[in-house]
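Data block below; observations after.
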Amino acid sequence: TLPNGWTPEAAREKAARAYELDRKHIFHSWSAQKSLNPMVITAAQGSYVWDGDGNRLLDFSSQMVNTNIGHQHPKVVAAIQRQAATLCTIGPAFVNDARSEAARLIAERTPGALDRVFFTNGGADAVEHAVRMARLHTGRSKVLARYRSYHGGTDTAVNLTGDPRRWPNDHGTAGVVHFFGPFLYRSQFHATTEAEESERALQHLEQTIVFEGPSTIAAIILESVPGTAGIMVPPPGYLAGVRELCDRYGIVFIADEVMAGFGRTGKWFAIEHGGDVVPDLITFAKGVNSGYVPLGGVAIAPHIAATFDDRPYPGGLTYSGHPLATAAAVATITAMAEEGIVENAAEMGEGVLGPGLRELADRHPCVGEVRGVGVFWALELVRDRATREPLAPYGGSSPAMTEAVAAAKAAGLLLFVNFNRLHVVPPCTISEAEAKEGLAILDHALTVADGHTV
Ligand code: PLP
């Protein structure tokens with residue numbers, strides 16, 4: 001019997017019908033529709049999911065890197081059920097206890113005094129609103145964003161994005177300028193140490209500001225730790241340096257914590273790894289309630305919020321602070337605090353995943369670099385360690401990557417894959433035994449990828 005109580009036969013039957021209807025009626029994200037063969041998930045529990053044939057797989061993708069508290073956490077499920085029985089929905093202009101409590105719990109955890117929260121339905125609209133706030137606050141229009149970044153699929157967010165998902169969506173959105181952030185393994189700055197990379201990346205950013213015209217720049221947006229673009233933990237001093245540049249030129253600093261926030265890096269917010277850096281706006285989503293109900297938002301510093309003390313903020317959403325979503329956030333944050341889940345992510349990263357992945361890198365020639373923190377890791381796979389030629393082209397796939405991911409899946413492990421990278425991003429609740437189970441399957445998948453190296 002599956003964890004949701006279904007018999008294997010009932011699950012197979014439901015899976016077959018769901019698959020048939022999906023292929024007939026569902027239009028999928030980021031995909032050519034015809035050749036798709038999506039996986040059915042019939043049940044999920046903790047770190048595991050069950051497919052349409054009844055196979056159990058360890059979920060090292062956390063779906064979209066959002067089930068930070070694991071699947072079907074009983075306290076979160078119960079909170080959603082309680083809220084549904086009490087009050088399913090109210091408009092954003094009204095006051096509701098779940099919404100108020102969620103805002104308090106988030107505000108208490110943000111660095112500095114970011115104590116106002118504007119709730120959205122997800123990450124992309126959080127980014128849209130953060131940019132809108134920055135533009136209205138400064139009276140300027142340009143936004144600087146990193147190459148090797150992802151900020152969401154809506155219009156401004158996808159145009160801020162510094163990866164190939166922007167290309168087909170880019171119609172020359174006014175005022176977005178991209179710059180390179182620090183990434184020593186593929187340094188744009190010919191740096192050989194982290195310190196050099198950080199210093200040169202900051203010089204490059206300042207040059208970009210100066211040549212674009214500081215008085216035209218509303219905001220710099222960056223992921224505190226870039227996620228889908230490769231999990232590049234910034235070198236010490238970089239985020240503090242960005243803060244200094246923002247202060248020097250009167251630019252709003254937006255930290256996008258949609259993927260890295262709420263425990264993923266072993267801290268509540270990833271920016272805490274950069275010392276005492278306090279951004280002006282933080283965008284969040286995903287981990288805030290583990291994605292059990294769609295929710296995102298912007299945490300706002302007092303001086304930005306004050307811009308709208310007497311002047312109306314021109315923006316809003318029907319579902320801003322939806323009771324079911326915010327009740328799930330209250331339960332998620334409370335359970336994470338009570339059960340030491342953020343600490344668990346830090347310990348699993350430092351004690352098991354980090355050492356385990358580095359050990360795999362030592363043995364497998366296909367691994368060019370291992371990088372990450374907490375339960376947020378990437379393996380950069382290469383055809384040739386000497387030249388660092390990627391095992392799949394930037395923006396594309398390759399038989400080597402496809403075969404490695406398929407081998408992992410066949411052996412019971414779901415991974416998040418992007419171009420030449422395998423991302424190891426399990427729930428923050430992962431146990432040592434589960435982490436080791438995943439590493440053993442990964443070992444097998446990397447052997448498959450080794451067959452494609454020179
Ligand atoms: N920002 C970052 C850093 C993300 O990783 C994502 C999604 O992966 C988004 C924004 C967009 O979030 P959503 O898909 O909820 O709109």
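The distance between label points at R56 and A16 comes to 2.5 nm (points 7 Å beyond Cα on the Cα→Cβ vector).
Full extension of the chain segment joining S397 with A337 gains 17.7 nm, where the gain is 0.36 nm per residue of separation less the Cα-Cα distance. For the chain, the number of Lys pairs separated by eight or more positions or lying on different chains, with C-alpha atoms closer than 28 Å, is 17. Note on the chain: dipole from Cβ charges, positive end direction compared against H71, Q207, T161; the farthest Cα belongs to T161. Using a ≥ b ≥ c from the Cα gyration tensor of the stretch 75-338 (square roots of the eigenvalues), is it rounded, prolate or oblate, where a/c under 1.5 gives rounded and otherwise the larger of a/b and b/c decides, a/b for prolate? Prolate shape, in that a/c is at least 1.5 and a/b is the bigger ratio. Using 0.36 nm per residue and subtracting the Cα-Cα separation, the extra length available between T307 and H171 on full extension is 45.9 nm. Ordered by the number of other Cβ atoms lying within 10 Å of each residue's own Cβ, fewest first, D125, D163, D170, D309 fall into the sequence D309, D170, D163, D125. Considering only Cα atoms, the convex hull volume of the stretch 300-340 works out to 94 Å³ per residue. For the stretch 380-391, backbone phi angles converted through the Karplus equation (6.51, -1.76, 1.60; θ = phi - 60°) give residue-by-residue couplings of 8, 8, 10, 6, 8, 5, 5, 8, 6, 4, x, 6 Hz, Gly and Pro being listed as x.
This model, with +1 at the C-beta of Lys and Arg and -1 at the C-beta of Asp and Glu, gives the chain a dipole about its Cα centre of some 1040 debye. The label point for M64 and the one for E194, both projected 7 Å from the Cα toward the Cβ, are 3.2 nm apart. When both bridge partners sit in the stretch 75-338, DSSP labels roughly 35% of those beta bridges antiparallel. Please identify the DSSP H helices in the chain that span no less than 15 Å along the helix axis (Cα) and have a mean Kyte-Doolittle hydropathy of -1.0 or more. Those that clear 15 Å and a mean of -1.0 are 74-86, 97-109, 123-138, 194-212, 238-249, 323-338, 399-410, 432-450. Computed over the chain, the percent of Cα pairs more than 30 Å apart is 45. Evaluate the Debye formula for the stretch 221-351 with equal point scatterers sitting on the alpha carbons, no solvent, and hand back log10 of I(q)/I(0) at q = 0.12, 0.19 Å⁻¹, in q order, two decimals. With no solvent term, the Cα-only Debye profile gives -0.53, -1.19. If both residues of a DSSP beta bridge must be in the chain, then about 65% of such bridges are antiparallel. With both labels modelled 7 Å from their Cα along Cα-to-Cβ, the A85 to D443 distance reads 4.7 nm. Of the residues A102, C428, T89, the one whose Cα sits farthest toward the positive end of the charge dipole of the chain, with +1 on the Cβ of Lys and Arg and -1 on the Cβ of Asp and Glu, is T89.
No lab work stands behind these numbers, since they all come straight from the coordinates. The model shown is predicted, which means the values in this text are computed figures rather than measured ones. Using ideal geometry, Cβ is built from the backbone for each residue, glycine included, and neighbour counts are taken over all protein chains shown.
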